[in-house]
Amino acid sequence: MTKAVLLYAVALMMGLSAFNIRADNISFGANESPPYWSENMPFNGMGGEIMHTLSRIVGLGIRINFQPLQRLIDNDHNNDLGDPSFYIKNQDFSVIIPIAISQSSFHYYRPNHQHDLYIDSWDDLSGLKVGILKGGLEQREFFNELGIQFEESYKQESLIKKLRLGRLDVVIELDLVAKQLIDRLFPEDVDDFQLITISDSATPIAMMIDANYPNAHQLGEQYRKALAEIVEKGIYHDIVEKYYGAGKIPDDWFIRMDKYQRIYRFIEVE
């Protein structure tokens, strides 16, 4: 057992005891999108495991409430977990702390097409039926002018099933989310699902505390210190690698994390 894993195990046991006896709690809303967030995965997925670990260090119990993305966006007085760009147009936050990175891709099912798809720009989607999660589509008029047909769904699972059935030509989804769903739903057809990475589509996954939440700024500083601590001790690396696979964490992961942390620190509400 490595030193980092041992430290994590000790922190986990201590944290579970603290979770059971403390009355202080904080709640966040998240959209079901395994393996990043899931009500049915241990520690609520990768993002959930990071948040549970940080909250134990801070000394808070944490509850993650899972709801459809659009419902979370429409609720302008809760704490959220996910891509800040979906939320900051509708809500002010005192704390925005990126805790992970996500990468979006185009996914298609090869047997439903006469040839491999080539998608280098939005124009290449013209005439295709594209699936996307409800709440994730912006600039609808721009895409309508390009002749791109979008179909929105509240569940990623529904999008992948429709892709396999040929009711959708392409699905836009986060890499790890699509991989998890395809592995579970169609394990025999995994090699028939193709992925095209969307360039410059890396986005932060963040914890966001509402502008009116009590002592939000002080709490945010505690979470930032806790995040720095688990990164330094290797606990953070072990959590992320569990979901990506040994040695498969993207090379620029921590560079992007630092970049997004600096960006969103500037747009927090004082």
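The values are calculated or read from the model by the stated rules, or taken from the named source; none is laboratory data. Values in this document were obtained by computation on a predicted structure and should not be read as measured data. Counting neighbours? That spans all protein chains shown, and the Cβs are built from the backbone with ideal geometry, glycine included. Note: accessible area is taken over every heavy atom of the protein model, side chains too, but ligands, DNA and RNA are not part of it. Shrake-Rupley method; radii C 1.70, N 1.55, O 1.52, S 1.80 Å.
The single condition among (1) within 21 Å of the chain's Cα centre (by Cα); (2) more than 20 Å from PHE86 (Cβ to Cβ); (3) open to solvent by less than 50 Å² (accessible area, probe 1.4 Å) that HIS237 does not meet is (3). Among the residues of segment 246-262, those that are closer than 16 Å to ASP175 by Cα and among the hydrophobic types (A, V, I, L, M, F, W, C) comprise ILE249, TRP253.
Of the set (1) farther than 19 Å from THR203 by Cα; (2) among the hydrophobic types (A, V, I, L, M, F, W, C); (3) under 18 Å from the mean Cα position of the chain (by Cα), all apply to LEU69 but (1).
Filtered by the rule that a residue be basic (Lys, Arg) and touching a residue at least 60 places away in the same chain (Cβ under 8 Å), segment 66-118 gives a lone residue, ARG110.
Does ASP169 fit the bill of being open to solvent by less than 60 Å² (accessible area, probe 1.4 Å), among the acidic types (Asp, Glu) and closer than 30 Å to GLN261 by Cβ?
The answer is no for ASP169.
A residue that is in a loop (DSSP other than H, G, I, E, B) and either open to solvent by 60 Å² or more (accessible area, probe 1.4 Å) or touching a Leu at 6+ places or on another chain (Cβ under 9 Å) (or both) can be found somewhere in segment 92-104. Looking at segment 190-223 only, could you name the residues that are in a helix (DSSP H, G or I), at pLDDT 95 or above and touching a helix residue (DSSP H, G or I) at 6+ places or on another chain (Cβ under 8 Å)? Once the filter is applied, which keeps residues that are in a helix (DSSP H, G or I), at pLDDT 95 or above and touching a helix residue (DSSP H, G or I) at 6+ places or on another chain (Cβ under 8 Å), segment 190-223 yields ASP192, LEU219, GLN222, TYR223. All conditions in (1) of a type in the set (A, V, I, L, M); (2) surrounded by fewer than 20 Cβ atoms within 10 Å (Cβ to Cβ); (3) touching a Pro at 6+ places or on another chain (Cβ under 7 Å) hold for ILE26, with the sole exception of (3). Only one of the numbered conditions (1) open to solvent by 20 Å² or more (accessible area, probe 1.4 Å); (2) over 17 Å from the mean Cα position of the chain (by Cα) is not met by TYR223, and that is (1).
Is segment 138-151 home to any residue that is open to solvent by 20 Å² or more (accessible area, probe 1.4 Å), in contact with a helix residue (DSSP H, G or I) (Cβ under 7 Å, 6 or more places away or on another chain), closer than 17 Å to LEU69 by Cβ and not acidic (Asp, Glu)?
Residues of segment 138-151 open to solvent by 20 Å² or more (accessible area, probe 1.4 Å): 138-142, 144-147, 149-151.
Pick out the ones that are also in contact with a helix residue (DSSP H, G or I) (Cβ under 7 Å, 6 or more places away or on another chain) and you get 146, 150.
From the residues that got through so far, the ones that are closer than 17 Å to LEU69 by Cβ too are 150.
Next, only the ones that are not acidic (Asp, Glu) stay: 150.
Within segment 138-151, one or more residues are open to solvent by 20 Å² or more (accessible area, probe 1.4 Å), in contact with a helix residue (DSSP H, G or I) (Cβ under 7 Å, 6 or more places away or on another chain), closer than 17 Å to LEU69 by Cβ and not acidic (Asp, Glu).
If you go through segment 29-61 and keep only what is among the aliphatic types (A, V, I, L, M) and open to solvent by less than 10 Å² (accessible area, probe 1.4 Å), you end up with ALA30, MET46, ILE50, MET51, LEU54. Which residue pairs have Cβ atoms closer than 6 Å, lie 6 or more positions apart in sequence or on different chains, and pair a first residue in segment 242-270 that is surrounded by 12 or more Cβ atoms within 10 Å (Cβ to Cβ) and basic (Lys, Arg) with a second residue that is modelled with pLDDT of 90 or more and outside any loop (DSSP other than H, G, I, E, B)? Pairs found: ARG256/ILE101.
Quick check on this structure: which one of ALA18, ALA23, ALA4, ALA30 is of a type in the set (A, V, I, L, M), closer than 25 Å to TYR243 by Cα and at pLDDT below 90? Walk me through how you get there before you give the answer.
Numbers: ALA18 fails: closer than 25 Å to TYR243 by Cα; ALA23 fails: closer than 25 Å to TYR243 by Cα; ALA30 fails: at pLDDT below 90.
ALA4 is the lone residue from the list that is of a type in the set (A, V, I, L, M), closer than 25 Å to TYR243 by Cα and at pLDDT below 90.
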